[in-house]
Amino acid sequence: MKRRNLLGAVGAALAGTALPLKVYAQQSPRLPLVGIFGSVPAEIDGFYRGMRELGYTEGQNVAYARGRLAEPLSVRQLLELRPTVVVTAGGVTGVRAVLSADDRVPIVAPNLSDAVESGLAASLAHPGGHVTGLSVQNAELAAKRLEVLHDAFPELRRIAVFGEPEPDAAATAVEGLTAAIRKAAGSLNMQLQVLELIGPQSFDAAFAAAGAAHAEAAINIGGRYITPNRDKFLALAAQYRLPIVCHQSVLSRSGCLMSYGPSFPDLWRRAAGYVDKILRGAKPADLPIEQPTRFELIINLKTAKALGLTVPQSILARADDVIE
């Protein structure tokens with residue numbers, strides 16, 4: 001099979017491809033291609049918006065192709081198209097999924113935690129490899145979610161923590177994260193039950209364990225399993241009547257009681273700046289990994305009503321958005 005026909009066939013197999021890749025492969029062989037792995041439309045729209053703000057028009061000076069991180073075949077198929085740069089969700093795990101298929105492609109990660117501890121970067125200021133992007137400080141944000149939960153409902157004591165351990169994560173990073181959460185819980189007089197999620201198949205057992213321990217509320221750490229499988233996760237939260245403070249707005253808009261964390265659409269919009277630099281010749285090794293600058297508190301009053309909870313006016317006044 002000729003290369004251009006192979007690329008066209010591969011492109012057709014990729015779900016969510018922005019530009020028909022048969023057209024890309026046959027008519028625009030020199031157009032730079034940006035590969036995208038993500039599962040939240042609002043975040044990907046943020047990236048597209050950032051690219052438009054920087055002067056990129058799809059089909060004129062850039063092409064996009066989207067694949068699915070959860071499907072190794074999809075990852076390999078997209079990378080066979082030889083993208084100039086890849087933007088990927090999923091943190092360290094997402095980056096490793098791409099690197100396992102192509103260890104030379106430049107990668108921009110909009111929500112990369114533990115980049116140094118995982119060995120993906122030499123330092124935040126000088127990554128030194130093929131990966132750059134924006135870093136999310138999980139320990140600090142998890143502690144902050146406990147504080148938000150306590151401020152809203154100070155009577156709650158038994159709190160479940162849904163964690164998603166990164167494969168091959170450094171022990172020091174895991175210990176540091178756990179220590180930060182337990183320190184925050186101790187100062188708030190909360191008792192923690194840490195429940196590890198190892199895929200969507202583990203959701204049922206985790207919620208059953210939380211129910212058996214009479215958990216009164218929960219927070220989550222990370223979302224590589226939760227976010228793409230949010231319908232199942234939030235259906236279980238409703239079934240067990242468990243109020244949860246989640247890590248990103250797409251979850252509170254889907255049914256979490258509250259969310260606190262960086263604006264993920266804004267992180268993806270800022271990722272466009274990295275892609276622009278790489279398309280102009282910069283190397284990820286020389287592009288510092290930055291920190292989030294915008295954080296948001298979202299409250300879902302529909303969920304609060306379903307759970308029989310009244311969110312104090314003082315907390316509503318702090319919210320960036322209230323879903324009614």
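The values are calculated or read from the model by the stated rules, or taken from the named source; none is laboratory data. Please read these numbers as outputs of a predicted model, since none were measured by experiment. For neighbour counting, all protein chains shown are included, and Cβ atoms are generated from backbone atoms with ideal geometry for every residue, glycine included.
Points worth noting:
- Odd one out for Ala142 among (1) touching a helix residue (DSSP H, G or I) at 6+ places or on another chain (Cβ under 8 Å); (2) in a helix (DSSP H, G or I); (3) modelled with pLDDT of 90 or more: (3)
- Boolean, Ile278 is surrounded by 17 or more Cβ atoms within 10 Å (Cβ to Cβ), at pLDDT 95 or above, of a type in the set (Val, Ile, Thr) and not assigned by TED's automatic domain parsing to the domain that holds Val131: no
- Residues satisfying the stated conditions in region 95-114, i.e. in a helix (DSSP H, G or I) and surrounded by fewer than 24 Cβ atoms within 10 Å (Cβ to Cβ): Arg96, Ala97, Leu99, Ser100, Ala101
- Within region 191-245, the set of residues being of a type in the set (Gly, Ala, Ser) and under 16 Å from Gly255 (Cα atoms) comprises Ala217, Ala218, Gly223, Ala235, Ala237, Ala238.
- Checking Ala218 against (1) in contact (Cβ under 8 Å) with a residue 12 or more places away in the chain; (2) part of a helix (DSSP H, G or I), the condition it does not meet: (2)
- Those residues of region 253-309 which are charged (D, E, K, R) and more than 23 Å from Gly35 (Cβ to Cβ), in sequence order: Arg253, Arg294, Glu296, Lys302, Lys305
- Residue among Gly94, Gly67 that is touching a residue at least 60 places away in the same chain (Cβ under 8 Å), in the same structural domain as Gly128 (by TED's automatic domain parsing) and within 12 Å of Gly38 (Cβ to Cβ): Gly94
- Per-region count, region 186-209, residues under 21 Å from Leu149 (Cα atoms) and part of a helix (DSSP H, G or I): 5
- Evaluated against (1) in contact (Cβ under 8 Å) with a residue 60 or more places away in the chain; (2) surrounded by fewer than 20 Cβ atoms within 10 Å (Cβ to Cβ), Ser123 falls short on exactly one condition, (1).
- Of the strands (runs of 3 or more DSSP E) lying entirely inside region 221-324, those containing at least 2 residues that are β-branched (Val, Ile, Thr) span 244-246, 295-300, 321-323.
- Filter result for the condition that a residue is within 27 Å of Ala89 (Cβ to Cβ), modelled with pLDDT under 90 and not assigned by TED's automatic domain parsing to the domain that holds Glu43, over Ile221, Ile226: Ile221
- Listed by first and then second residue, the pairs linking a residue in region 249-272 that is farther than 11 Å from Glu296 by Cβ and in contact (Cβ under 8 Å) with a residue 40 or more places away in the chain to a residue that is of a type in the set (Val, Ile, Thr) and not in a strand (DSSP E or B), with Cβ atoms under 8 Å apart and 6 or more places separating them unless they lie on different chains, are Val250/Val40; Val250/Thr227; Gly255/Thr303; Cys256/Thr303; Leu257/Thr303; Leu267/Val136; Trp268/Ile44.
- Verdict on Phe233 being farther than 26 Å from Ile289 by Cβ and aromatic (Phe, Trp, Tyr): yes
- Residue check, Ser263 under 30 Å from Asn61 (Cβ atoms) and not hydrophobic (A, V, I, L, M, F, W, C): yes
- Boolean, Asp320 is of a type outside the set (Gly, Ala, Ser) and surrounded by fewer than 16 Cβ atoms within 10 Å (Cβ to Cβ): yes
- Among the residues of region 70-109, those identified as among the hydroxyl-bearing types (Ser, Thr, Tyr) and modelled with pLDDT of 95 or more are Thr84, Thr88.
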